[in-house]
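Asks: Just passing along the structure, written as structure tokens.
Where a number appears in this text, it was derived from the coordinates with a stated rule and is not lab data. As the structure is a prediction and not an experimental result, all values here were calculated from the model. Glycine gets a Cβ as well: all are built from the backbone with ideal geometry, and neighbour counts include every protein chain shown.
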Amino acid sequence: MGFPVRVRVPPPALRVEFLSEGAEDTELIGAYVSCRFAHFKTFLLVGDLGSGKTTFVRGFLKLLGYSNVRSPSFTLINTYRTPLGTVHHVDLYRLESEEEFYTLGLGDVLGRETVLIEWAQRLPYVEGLWIEFQHLEENRRKITLKLP
Ligand SMILES: Nc1ncnc2c1ncn2[C@@H]1O[C@H](COP(=O)(O)OP(=O)(O)OP(=O)(O)O)[C@@H](O)[C@H]1O
Ligand SMILES: [Mg+2]
């Protein structure tokens with residue numbers, strides 16, 4: 001008989017980097033993440049203006065049957081019914097206050113339905129898969145998934 005060994009090892013934090021050479025690549029990466037990492041449900045998209053966040057979401061939703069995804073810059077949120085369940089696309093660039101975030105009605109939804117949040121760094125803390133977008137050159141972007 002062995003004896004019990006209890007070792008607490010923190011899970012490795014894994015960075016998965018993609019190099020995108022154009023908007024089509026970024027859409028493909030979005031489609032890949034939507035099938036491979038769907039279980040995360042909350043996707044926190046961080047990166048400068050024009051770094052490819054909306055393009056990524058377009059690919060994510062294209063795979064789920066929507067080919068007309070536009071930025072929810074003014075509405076702050078767009079909601080889609082998909083085979084994966086309800087998907088919310090949120091853009092917090094124009095968020096005025098933390099309180100305004102709660103008016104979007106995501107409180108009951110986070111963790112249950114799929115939510116992609118552009119400018120997620122405007123929130124204090126939300127659990128989910130962080131995805132960073134870096135503008136390298138005119139058509140090149142680095143997209144990094146930070147897996148817990
Ligand atoms: N490799 C690439 N990946 C993504 N977009 C690219 C790439 N190369 C060029 N682009 C262009 O860059 C722009 C990216 O815009 P997009 O709306 O996706 O950025 P964003 O991060 O959502 O910006 P914002 O913060 O304003 O919402 C598009 O015009 C797209 O065609
Ligand atoms: Mg955008």
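Asks: Let me check against my output: what whole-number percent is the relative contact order of the range 22-147, with C-alpha pairs under 8 Å and at least 6 apart?
Replies: 33 percent
Asks: Quickly estimate the mean residue ellipticity at 222 nm for the chain, helices only: each DSSP H run with n ≥ 4 gives -39500 (n - 2.57), and the total goes over all residues, rounded to 500.
Replies: That calculation yields -6000 deg cm²/dmol at 222 nm.
Asks: Can you sort Thr75, Thr114 from fewest to most other Cβ atoms within 10 Å of each residue's own Cβ?
Replies: Thr75, Thr114
Asks: Rounded to the nearest whole Å³, what is the per residue volume of the convex hull around the Cα atoms of the chain?
Replies: 149 Å³
Asks: Moving to a separate point now. Once the other residues with Cβ under 13 Å from the Cβ of Gly52 are scored (Lys, Arg +1; Asp, Glu -1), what is the net sum?
Replies: Around Gly52, the surrounding residues sum to -4.
Asks: Quick check on the exposure proxy: order Ile77, Ile143 from fewest to most C-beta atoms within 10 angstrom.
Replies: Going from sparsest to densest Cβ surroundings: Ile77, Ile143.
Asks: Within 10 Å of each residue's Cβ, count the other Cβ atoms and sort Arg81, Arg122 from fewest upward.
Replies: Arg81, Arg122
Asks: Now a separate question. Hey, can you grab everything whose amide H is under 5 Å from the amide H of Thr114? Only 5+ residues off in sequence or another chain; H modelled, so Pro and N-termini drop out.
Replies: Here the answer is Thr86, His88, since their amide H atoms fall under 5 Å of that of Thr114.
Asks: Once you list every other residue whose beta carbon is under 12 Å from the beta carbon of Leu63, what net charge do they have if Lys and Arg are +1 and Asp and Glu are -1?
Replies: +2
Asks: Can you give the net charge of the other residues whose Cβ lies under 15 Å from the Cβ of Tyr93, counting K and R as +1 and D and E as -1?
Replies: -2
Asks: With a 10 Å radius around each residue's Cβ, average the other Cβ atoms per peptide and rank 97-104, 18-25, 37-44, highest first.
Replies: For the peptides 97-104, 18-25, 37-44, the packing ranking is 37-44, 18-25, 97-104.
Asks: Of all DSSP beta bridges in the range 1-133, what percent run antiparallel (nearest 5)?
Replies: 30 percent
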